[in-house]
Amino acid sequence: MTTLARPLSRGFSLLESLAALLIVAFGLLGLGSLNVKLANNQDTARLRGEATRLAEEKVEQLRSYTRLGPSAGQLAWADLASGNDAIGNSEDYQTNGQFSRTWQVLGTAGDPMRRVQVTVAWTDRAGEQQNVSFGTVISQTDPADVGALGFPLPENTTLKRPKNRNLNIPVPAVDLGNGQSVVQLQSNFAVVFSNVSGYVVLTCNFVVHNATELAGCTEAAAYIVAGYVSMHGSSSFPGGLGINTNLLTGTAGTTCSLSDAMDPNGGGAIAGYKYYLCVISVPHAGDPWSGTLRLAAHALHEGSTNYLVCRFQFPSAGGVSANARNVQPYSGVTESLDNQNLVISTANSCPTLDSLATTLHQNCRSSNPNANASRGSDCPEN
C-alpha cells in the first residue's frame, strides 16, 4: 500500500503573527510612556535646580548689604525686609518656566541676627505645583569689617592689610622691598617702618630712594600716629595749622608733619583734606606712651571764628584697641596708629558725617569756660 507523505509546515500561522504584533505594540507603548516620564522627570529636575539657584541668589542678595544704617540707593541692614517677585523668560534671563519667589525676613533691624526663609514655586508640565524652600540666618556684621576676614597674612596675622603690610603703616609709604617701607616727611627727614610690626625702625636725615641707602640712617624706637584733617562748614583751613604734642607723656621726642593730603594713586592734592603724621619716639623699643594730640593754630587759639575740633572715634569692635579707635587721651600705646582722623567745624556742635557721629576733641569757641581771655588751654597756638 502506498502512503502519501504530508508536506512539512513552514512559517507562522496568522494567530501567531497577531500575537507577536500585539506583544511588540505593548512594548512600544511602554517605551513611549517611559520616554514621556523620563522627559517629565528631566524637566522637573532642571526646573528644581533653577529654582534652587534662584533661592540661593536671593539669600546672597540679602547678605550683600553694604552698611548697617538706612541708606538711600544702597542695601543696608536696616532696610532688609520681606518681599516677592516673579521670574520668567526675558531678555536678561532665559528659562522655560515661570517662577514665583517670596522671602520672609524675620525680626527687626535691632537684632544681631535675623532669620530668612526663601521659597520659589512653579507649575510643572503636569499642572502640579512644585516649590523649593531655603532657610538661613543673616548676622549683623559691619561690611567695613568683612575685608579683614578674607585672606591669611604673613606672620600668622588675621587682617588683610593694605599693600600686604601692617595695617597702621600709612598708605603713602613706599615699599623698599626688604620688609620695610619709607615715608618722606620732609626733604631732610624720612621714616622707615617694619612691614610686619608697623614700628618705626629707622630715621633718615635725607631723601630715601631705595633700600641700599638705609646704611646712613639711625636706628629708632618709635611709633607713628597718622590721620586726615578735614573741614566742615568752611572751605578754608585756619592759617598756620599744626600738631601740638605737649600733652603726651612717656615719649623721648616727637616729630610731626601736616600738609595737603595727596591722592595715593598719584593724582595730586585732595581738596579739603590735610594729612598729618607724627613720629613718637620712646626710650626703648616696646615702651608705652600716653596723652592727647591737639591741633594748633593762631586762629584756633584766639581768632575771630569759633571752631570745634572733633574726632572720628570709631565704634567698638572685637580685637581693635581703644587707642586704634581714636579714643583720647591715648593710654599705654604700644602700636602705630593710623586713621586717627579729625574734622574742624564752624557749627555749634560736632557733625555727623557719612552716618558716623564725631566726638568733641577741642572746644575752640569763645564760650569755652577754660578759655579765659584766649582759648590757649584747649586750643594752643602753633
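The values are calculated or read from the model by the stated rules, or taken from the named source; none is laboratory data. Note that the structure is predicted; figures quoted are calculated from it, not measured. A quick note on method: Cβ atoms are made from the backbone with ideal geometry, for glycine too, and the neighbour counts reach across all protein chains shown.
This table checks each residue for (1) surrounded by 15 or more Cβ atoms within 10 Å (Cβ to Cβ); (2) assigned by TED's automatic domain parsing to the domain that holds residue 320; (3) in contact with a strand residue (DSSP E or B) (Cβ under 6 Å, 6 or more places away or on another chain).
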{"position": "204", "(1), (2), (3)": "yes, yes, yes"}
{"position": "226", "(1), (2), (3)": "yes, yes, yes"}
{"position": "229", "(1), (2), (3)": "yes, yes, yes"}
{"position": "246", "(1), (2), (3)": "no, yes, no"}
{"position": "253", "(1), (2), (3)": "no, yes, yes"}
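Would it be correct to say that residue 311 is touching a Cys at 6+ places or on another chain (Cβ under 8 Å), surrounded by 15 or more Cβ atoms within 10 Å (Cβ to Cβ) and more than 22 Å from residue 201 (Cα to Cα)?
On the way: touching a Cys at 6+ places or on another chain (Cβ under 8 Å): no; surrounded by 15 or more Cβ atoms within 10 Å (Cβ to Cβ): yes; more than 22 Å from residue 201 (Cα to Cα): yes.
No, not satisfied.
How many residues, within the stretch 181-200, are surrounded by fewer than 21 Cβ atoms within 10 Å (Cβ to Cβ) and part of a strand (DSSP E or B)?
Within the stretch 181-200, residues that are surrounded by fewer than 21 Cβ atoms within 10 Å (Cβ to Cβ) and part of a strand (DSSP E or B) number 5.
List the pairs whose first member sits in the stretch 273-298 and is touching a residue at least 12 places away in the same chain (Cβ under 8 Å) and within 25 Å of residue 233 (Cα to Cα), whose second member is among the small types (Gly, Ala, Ser) and surrounded by 22 or more Cβ atoms within 10 Å (Cβ to Cβ), and whose Cβ atoms are under 6 Å apart, counting only residues at least 6 apart or on separate chains?
Qualifying pairs under 6 Å: 277/226.
Condition (residue is part of a helix (DSSP H, G or I), at pLDDT 70 or above, of a type in the set (Ser, Thr, Tyr) and surrounded by 10 or more Cβ atoms within 10 Å (Cβ to Cβ)) applied to the stretch 8-17: is it met by at least one residue?
No.
Quick one: count up the residues across the stretch 184-235 that are more than 24 Å from residue 335 (Cβ to Cβ), without any contact (Cβ under 8 Å) to a residue 60 or more places away in the chain and within 26 Å of the chain's Cα centre (by Cα).
0
Pick from the stretch 112-134 the residues that are in a loop (DSSP other than H, G, I, E, B) and either touching a Leu at 6+ places or on another chain (Cβ under 7 Å) or surrounded by 13 or more Cβ atoms within 10 Å (Cβ to Cβ) (or both): which of them is modelled with the highest pLDDT? Don't jump to the end; show me each part of the working.
Taking the stretch 112-134 and keeping what is in a loop (DSSP other than H, G, I, E, B), we get 112, 124-128.
Still in the list and also either touching a Leu at 6+ places or on another chain (Cβ under 7 Å) or surrounded by 13 or more Cβ atoms within 10 Å (Cβ to Cβ) (or both): 124-125.
On the way: 124: 79, 125: 74.
The qualifying residue modelled with the highest pLDDT is 124.
Given the structure, is residue 171 surrounded by fewer than 20 Cβ atoms within 10 Å (Cβ to Cβ), more than 30 Å from residue 345 (Cβ to Cβ), among the β-branched types (Val, Ile, Thr) and in the same structural domain as residue 297 (by TED's automatic domain parsing)?
For residue 171, the condition - surrounded by fewer than 20 Cβ atoms within 10 Å (Cβ to Cβ), more than 30 Å from residue 345 (Cβ to Cβ), among the β-branched types (Val, Ile, Thr) and in the same structural domain as residue 297 (by TED's automatic domain parsing) - is not met.
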